[in-house]
């Protein structure tokens, strides 16, 4: 009778043991969790503002321009930082629903852009857009 006799070694192997597989997956997960922040921080070294095929809005009612020296312009009209709130109030409440488009020079300090965004948020605006140069080749 062929196959009727089984040794005691065959009885011990009755299924696949997944414990080593789980151990390997957990070790890989821990390695990726530790390595991911390092890779993410290295990926943040970019030079802005340049883009190809940037989306353009059909209307830009509030166009803010920031020079690298920190001078502020609304549309084509130079604007002092002290008179920004008064100018926004004169535009009326309809501007709260509009998107403020900020065109900042590449050399403009980040704090100056945040200062403008903070002033616009205090006025009640929550939608912002940023212009980028679409004609220059990306670095």
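The values are calculated or read from the model by the stated rules, or taken from the named source; none is laboratory data. Note that this is a predicted model, so its numbers are computed, not measured. Ideal geometry is used to build each Cβ from the backbone, glycine not excepted, and the neighbour counts take in all protein chains shown.
Mind listing whichever residues of the range 7-21 are at pLDDT 70 or above and exposed (fewer than 10 other Cβ atoms within 10 Å of the Cβ)? Within the range 7-21, 14, 15, 16, 17, 18, 19, 20 qualify. Out of the range 110-137, which residues are outside any strand (DSSP E or B), within 18 Å of the chain's Cα centre (by Cα) and either modelled with pLDDT under 85 or surrounded by 12 or more Cβ atoms within 10 Å (Cβ to Cβ) (or both)? Passing the criteria: 113, 117, 126, 127, 131, 132.
So, residue 54, is that one modelled with pLDDT under 65, surrounded by 12 or more Cβ atoms within 10 Å (Cβ to Cβ) and part of a loop (DSSP other than H, G, I, E, B) or not? Against the criterion (modelled with pLDDT under 65, surrounded by 12 or more Cβ atoms within 10 Å (Cβ to Cβ) and part of a loop (DSSP other than H, G, I, E, B)), residue 54 qualifies.
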